[in-house]
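Notes follow the structure.
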Amino acid sequence: MSLIIFLVVGLIAGALASWILGRQQDLLVNLLIGIIGAVVGGLLAGLLGLGAYNLIGEIIIATVGAIICILVWQRMR
């Protein structure tokens, strides 16, 4: 996956995760959460034997990872 697509997927995933959890965050924060969520979601999907075969699948996995990251972050605060 190219860097531009990775950043776009991260931005979309971070924005979706923030919207789902009802949090209002800046664009940069959404991007960072989405990128970290993409990594976490990818690792978890790999452990579960799941894979993303298209862009929508990648966004879903990254969004789930971003939601997990936000929930862990809230728990740590």
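A few points about this structure:
- Top-ranked residue of region 41-60 - restricted to ones that are open to solvent by 40 Å² or more (accessible area, probe 1.4 Å) and of a type in the set (Val, Ile, Thr), ranked as farthest from the chain's Cα centre (by Cα): Ile56
- Residue in region 7-28 that is open to solvent by 50 Å² or more (accessible area, probe 1.4 Å) and either touching a Lys or Arg at 6+ places or on another chain (Cβ under 9 Å) or among the small types (Gly, Ala, Ser) (or both) present: yes
The values are calculated or read from the model by the stated rules, or taken from the named source; none is laboratory data. Only a predicted model underlies this, so the values are computations on that prediction, with no experimental measurement involved. Note: ideal-geometry Cβ built from the backbone for every residue, glycine included; neighbour counts use all protein chains shown. Side chains included, ligands, DNA and RNA excluded: accessible areas come from the protein's heavy atoms. Shrake-Rupley method; radii C 1.70, N 1.55, O 1.52, S 1.80 Å.
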